[in-house]
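A short worksheet on the structure shown next.
The values are calculated or read from the model by the stated rules, or taken from the named source; none is laboratory data. None of these values were measured; they are calculated from a predicted model. Here the Cβ positions follow ideal geometry from the backbone for every residue, glycine too, while neighbour counts run over all protein chains shown. In case anyone asks, the SASA skips ligands and DNA or RNA and just uses the protein heavy atoms, side chains included. Shrake-Rupley method; radii C 1.70, N 1.55, O 1.52, S 1.80 Å.
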Amino acid sequence: MFNFFKSKKKPVKPTPEVTAESELPPEDTIEAEAEPKAISEVTPEIVSEAAPEVVPETIPEVIPETEAALIPEPVSTGETQPKPKLAGFASRLRQGLSRARQNFGNQLSGLFGGGKIDEDLYEELETILLTSDTGVDATNLLLENLRKRVKRENLTDAAELKIALQDILVELLDPLARPLDTTTQTPFVIMITGVNGDGKTTSIGKLANYFKLQGKSVLLAAGDTFRAAAREQLMAWGERNDITVIAQESDSGAKSDPAAVIFDAVNSAKARGIDIVLADTAGRLTTQLHLMEEIKKVKRVIGKAMPDAPHEVLLVLDANTGQNAVTQVKAFDEALDVTGLVLTKLDGTAKGGVIAAIAGQYPDNPPALRFIGVGEGIDDLRPFNARDFVEALFD
């Protein structure tokens, strides 16, 4: 599934499979519990190489939480990894949106090739927008503003509408482009949620890499104790990024408790002065009301570990779901007060209008689109910029 670093052959204690998720314990008992035996910490072990320029390979080692304080943090070599160039990402953004551009952009190029501006043109433009997952509300808003601009600037040729539509689309999407500020709290706790298969765990791994390149210390909490191999997947991302993972001990006889895992991770981050905690949670459908109530309880338990936490609730959305993404935003926002969005797999859709659809549903106070994903690379998840996105979408 992913190209992880190959580990050196070194005996590792075998771990049984993670048991299915069970009901959460009463909230008032979690804080009073002693260090649970079921919680373990996965800390990458640094193996020195002969040549200084070679990056050391790491091997995960499961360490009991009670012994974690005795093990020092990995010593920094003093070398800093270069930050990816923005120009490089702009190129990858354009490449990632190639399918959407061929579908949406090419149709607009044919429509705006020349000729007069009339009702037939507006109707054809409306069809293009609706079939690109832009949504009814956003489509009506775009057409209304376009008509006003045509009248205000006395535009008569269809070729002049291309730039006008680009500017109006940027105006619609720009309120969503609000970067995430993680400096307000230490640790800054980010709770990741979403439906099954939208790419939550993968997004966490990429976010960990993004924050680490900014010089932040990061800790991962494997709160998805329901999906098979979710723990192992997050541990692999921790190894790849050289980041500690707090996870449920793989013991078939122990009860799976996502709230306790994240609760323990927040306390560990506070003790160590970690900058950012990324907490994974199990995927759930918005129609599964009992699971939606359960994730509300997980959020309340996080608040017991640290007041006002989580400081950010990120909802991960799959761009391929189209209008269903709008429904997911509404359902999760009602349950968790979502503060930011992560839109993944934009490289896999030929439509690309879902961002406008979300903006059209919230004309006054749209949710913040923190990050977009345009590829499978570890650095292909980046902050959203409306102007860059629109320019990459048009031919």
* Structure fact -> From the cross-link list K216/K345; K270/K297; K216/K299; K212/K351; K116/K351; K148/K200, the entries with a Cα-Cα span beyond 29 Å are K212/K351; K148/K200
* **Amide N proximity, region 286-325 versus E334 label position 7 Å along Cα-to-Cβ, cut-off under 20 Å** => 286-300, 313-318, 322-325
* Structure fact -> Phi-derived 3J(HN,Hα) across region 314-322 with the Karplus relation (6.51, -1.76, 1.60, θ = phi - 60°), rounded Hz, x for Gly and Pro, is 9, 9, 8, 10, 9, 4, 6, 7, x
* Working with all protein chains in place, sort R147, R284, R101 by solvent-accessible area computed with a 1.4 Å probe, largest first. => R147, R101, R284
* Asked: Taking H as built 1.01 Å from N, whose amide H comes closer than 5 Å to the amide H of L317, not counting residues under 5 places away?
  -> V342, L343, T344
* Enter the accessible area of D137 (Å², nearest 10), with the probe set to 1.4 Å and all protein chains included. => 80 Å²
* Asked: So how do Y210, Y122 rank on accessible area, 1.4 Å probe, biggest first, that is with the largest at the start?
  -> Y210, Y122
* Structure fact -> Quick numbers on region 288-395, Rg and Dmax over C-alpha atoms in Å, give 15.2, 51
* Rounded to the nearest 10 Å², what accessible area does H311 show when all protein chains are kept and the probe is 1.4 Å? -> 40 Å²
